[in-house]
Amino acid sequence: MRVTITQIKEMKQKGEKIVMLTAYDYSTAKIVDEVGVPLILVGDSLGMVVLGYESTIPVTMEEMLHHTKAVVRGTKRSLIVGDMPFMTYHLSVEQALQNTARFIQEGGCQAIKLEGGVTVAEKVRRIVECGIPVMGHIGLTPQSIHQFGGHKVQGKSPEGAKRLLDDAIALDEAGAFAIVLETVPTPLATLITEKVSVPTIGIGAGIGCDGQVQVINDILGSFADFVPKHAKQYAKLTDIIRKAVTDYHNEVKNGTFPTEKQSFTMDESVLAELKAK
Ligand code: KIV
């Protein structure tokens, strides 16, 4: 039985911290699920940490669905949230509903996430009315990176802070079951957390949020291009992978791999018969 949005919302009421991580493939999602992480986001960060794009903007519905299906196949208990790519929910309510439905029907996830606050609130309301749980995402929303002019902390000015609070309240009122706060000053994220009824999930938003989300490649140290300030590396997989690949490369070259342990035998008589022909 998978975690439900009701259980996620209850965690806020009980003061229980909510853990969320991204995953993009079957094997990794299986581990995250087995550890007991209740929320897995198939984030459009896929575009950067898996597909090698410079931003999340080029990511398509097809790419997201491909990876969402793999994550769903690898999990039994976690609630899977599919991330709506750039411009797949902006054009109209109809477009947003159609693409949301694809995530649920084809992708097999249980909820979707989209970026924006007041401007997407009506779409959130309509999607929720169709029975699809929506996670909001405000602050430094990566799909608007060109609008922000870079990876800047959001909500520092009086107007910016007020805008973010309004965005969070709009998402709460529209029926979102949780709200991601990305790269927001800790005091503002804490205030927003107090003001909304649903859980806030922070990434670079400090300890006052109801939960935390991280890109799995950042905490595993498997994405070498850059390490965001908000991330803590719990492992350094790039070093481990580099050593393993180097060892393999060297052993193939010097003939010490494979050994008998990795090889297969056959009946001598079959071989003898073949040689005699
Ligand atoms: O795409 C993603 O991984 C995200 C998280 C950073 C919240 O949106």
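The values are calculated or read from the model by the stated rules, or taken from the named source; none is laboratory data. Owing to the predicted nature of the structure, the values given are computational and were not obtained by experimental measurement. All Cβ positions, even for glycine, are placed from backbone atoms using ideal geometry, and neighbour counts span all protein chains on display. Calculation scope for accessible area: heavy atoms of the full protein, side chains included, ligands and nucleic acids excluded. Shrake-Rupley method; radii C 1.70, N 1.55, O 1.52, S 1.80 Å.
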Along the positive direction of the dipole of segment 1-122 (beta-carbon charges: Lys, Arg +1; Asp, Glu -1; about the Cα centre), which of I18, L91, M64 reaches farthest? I18
Per-q log10 I(q)/I(0), segment 155-277, q = 0.12, 0.18 Å⁻¹ (Debye; single scatterer per alpha-carbon; no solvent): -0.64, -0.96
Under 5 Å, built H, 5+ apart or other chain: amide partners of I18: G211, Q212
Distance in Å, no decimals, from the C-alpha centre of segment 210-277 to the one of segment 121-184 is 40
Given a Förster distance of 25 angstrom, what is the FRET efficiency for K9 paired with K232, based on the Cβ-Cβ distance and rounded to 0.05? 0.40
If packing is taken as the average number of other Cβ atoms within 10 Å across a peptide's residues, how do 9-20, 54-65, 252-263 rank, most packed first? 54-65, 9-20, 252-263
Placing each pseudo-label 7 Å from Cα in the direction of the beta carbon, A101 and E16 end up separated by a distance in nanometres of 3.5
In debye, nearest 20, what is the charge dipole magnitude of segment 123-277 about its Cα centre with +1 on Lys and Arg Cβ and -1 on Asp and Glu Cβ, if you could check? 400
Kindly write out, for segment 193-201 in residue order, the coupling ³J(HN,Hα) from the Karplus curve 6.51 cos²θ - 1.76 cosθ + 1.60 (θ = phi - 60°), rounded to whole Hz, with x marking Gly and Pro. 4, 6, 7, 9, 7, 9, x, 9, 10
Within the P(r) computed for the chain, what percentage of the Cα pairs occupies the region above 23 Å? 56
With a 1.4 Å probe and every protein chain kept in, tell me what percent of the accessible surface of segment 174-234 is carbon plus sulfur. 59
Summing -39500 (n - 2.57) over every DSSP H run of at least 4 residues in the chain and dividing by its residue count gives a helix-only mean residue ellipticity at 222 nm, to the nearest 500 deg cm²/dmol, of -12500 deg cm²/dmol
Surface accessible to a 1.4 Å probe, per residue, for the residues of segment 208-251, Å²: 64
Given 0.36 nm per residue, what is the gain on full extension from D267 to V35 after removing their alpha carbon distance, in nm? 79.0 nm
Would you mind telling me the antiparallel percentage of the DSSP bridges in segment 71-184, rounded to 5? 10
As a percent rounded to 5, the proportion of antiparallel DSSP bridges among beta bridges in the chain is 5
Table column - 3J(HN,Hα) (Hz), segment 101-107, Karplus curve with 6.51, -1.76, 1.60, x for Gly and Pro: 4, 4, 4, 7, 6, 8, x
Just the Kirkwood number for segment 102-208, please: inverse of mean 1/r across all distinct Cα pairs, in Å, one decimal. 13.9
Within segment 164-249, which chymotrypsin sites (Phe, Trp or Tyr not before Pro) sit in a loop by DSSP and count at most 14 neighbouring Cβ atoms inside 10 Å? F226, Y234
Here the gain from full extension of L274 to Y248, 0.36 nm per residue of separation minus their alpha-carbon distance, amounts to 6.1 nm
What is the calculated FRET efficiency for T259 to I57, with r their C-beta to C-beta distance and R₀ = 51 Å, to the nearest 0.05? 0.60
Per residue, accessible area of segment 1-160 with a 1.4 Å probe, heavy atoms of protein chains only, in Å², comes to 46
